[in-house]
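I have placed the structure first, in the form of structure tokens, so that the comments after it can refer back to it.
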Amino acid sequence: MEDQNTNEIMIQATDLTHFYGPQPAIEEVNFGVKRGEILGFLGPNGAGKTTTMRILTGFMPPTEGKVTLADYDVVEQSLEVRKRIGYLPETVPLHTEMQVTNYLKYMGTLRGMPSRQIKRRVGEVIDVCRLQDYHKTIIGKLSKGFRQRVGIAQAILHEPEVLVLDEPTIGIDPIQVVETRRLIQELGREQTVVLSSHILPEVNMICERVLIIHEGHIVAEDTPSNLAQRLQGVDQLQVEVGGPVQEVLSLLRRVPGVTEVTQRYNQGRNVFVVQVEQDRDLRDEISRAIVSNGWSLLSMQLVSMSLEDIFLRLTTHEEL
Ligand SMILES: Nc1ncnc2c1ncn2[C@@H]1O[C@H](COP(=O)(O)OP(=O)(O)OP(=O)(O)O)[C@@H](O)[C@H]1O
Ligand SMILES: [Mg+2]
């Protein structure tokens, strides 16, 4: 986005904690979303994605903490917030007996939109969400994917600045998934979008920044490519060395930038797994050290991790 508001914070969530029962569903969750950003909430089932989104949209107040949207408190100033936010909940409460167009008009009326704006916007959102062939169809007769589009259409109807989409592509077929992702990306050019997903490639594809949430805690936050890089390649090297194990271990541990070395046998070969500091490439130093000790360097391999591996690692060990 080219305007000067690019760095303006649109949503600020501070110390959000929510209890449904004795265990917190989310605990001390903090994050900000910049204007125009597409932020992805990634996490396994039960991580707290829906809970966080319900709080962001003012659908339910948090047990503790607060959220501001365009500097309005979502609990205290919920009317101002509702004008500015479109929400696709996890289960869209669509009126299944209504025709698509009538449902959208009805939603516009409920939101207090002037009738001229309703007329214009209903036509526009039907186009944007590619519902032209279905505008007279009874919602109950639509396939899941098209119902999801109606859900998105109602979310964007009042031209909100912020869109909160809870698993927008869940349960829809691959072709419609591609279409829906494209639609979200298009919307993201103009609007601030927060979406949740448990599908890594989806978040990777659509989002500029990802929050990984696990058991109610944010365990990582970065751009998809930085997340991948952080634990990728240079962070772990597998080195096969012909030399005495203890001596090789102590030598490798002395190389500046190396954080941890473990040794294992792989099919009778001596493999050293070397962890290095973030963003350091020590291949050169390590190979020189080995060779200058008179040992043979049989192989050296970068172990790269996909976002999937990172996700698993973060959510199973909660480390970073
Ligand atoms: N209405 C509720 N009453 C009681 N517990 C709830 C309620 N909603 C969610 N929880 C619990 O809160 C935790 C977080 O749930 P939440 O729905 O926010 O997760 P999620 O990340 O959206 O998961 P999913 O990927 O399955 O949609 C879970 O342990 C869940 O069982
Ligand atoms: Mg959910």
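The values are calculated or read from the model by the stated rules, or taken from the named source; none is laboratory data. Bear in mind that the values here come from a model prediction, so they are computed numbers and not experimental data. Backbone-built Cβ (ideal geometry, glycine too); neighbour counts: all protein chains shown.
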Which numbered condition trips up ASP166, out of (1) in contact (Cβ under 8 Å) with a residue 24 or more places away in the chain; (2) surrounded by fewer than 21 Cβ atoms within 10 Å (Cβ to Cβ); (3) of a type in the set (D, E, K, R)?
(2)
So THR109, is it assigned by TED's automatic domain parsing to the domain that holds ILE172, assigned to a strand (DSSP E or B) and surrounded by fewer than 17 Cβ atoms within 10 Å (Cβ to Cβ)
no
Tell me, please, whether a residue that is away from ligand 2 (no atom under 16 Å from the Cβ) and closer than 30 Å to ILE212 by Cβ can be found in region 96-114.
no
Can ASN270 be described as assigned by TED's automatic domain parsing to the domain that holds PHE31, over 30 Å from THR63 (Cα atoms) and touching a residue at least 24 places away in the same chain (Cβ under 8 Å)?
no
Checked region 31-79 for anything part of a loop (DSSP other than H, G, I, E, B), among the aliphatic types (A, V, I, L, M), away from ligand 1 (no atom under 16 Å from the Cβ) and under 22 Å from ARG209 (Cβ atoms); matches are ALA70, VAL74
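This table checks each residue for (1) farther than 25 Å from GLY46 by Cβ; (2) away from ligand 2 (no atom under 16 Å from the Cβ); (3) hydrophobic (A, V, I, L, M, F, W, C).
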site	(1), (2), (3)
ASP133	yes, yes, no
PRO174	yes, yes, no
VAL178	yes, yes, yes
VAL193	no, yes, yes
When you look at GLN185, is it out of contact with any Lys or Arg (no Cβ under 7 Å at 6 or more places or on another chain), assigned to a helix (DSSP H, G or I) and not β-branched (Val, Ile, Thr), yes or no?
yes
Counted residues, region 190-208 - those being surrounded by fewer than 20 Cβ atoms within 10 Å (Cβ to Cβ) and either more than 16 Å from ligand 1 (Cβ to nearest atom) or over 12 Å from the mean Cα position of the chain (by Cα) (or both)
4
Of everything in region 147-168 that's part of a loop (DSSP other than H, G, I, E, B) and more than 16 Å from ligand 1 (Cβ to nearest atom), which residue is farthest from MET10 (Cα to Cα)?
LEU157
Quick check on GLU90: is it surrounded by fewer than 16 Cβ atoms within 10 Å (Cβ to Cβ) and within 16 Å of ligand 2 (Cβ to nearest atom)?
yes
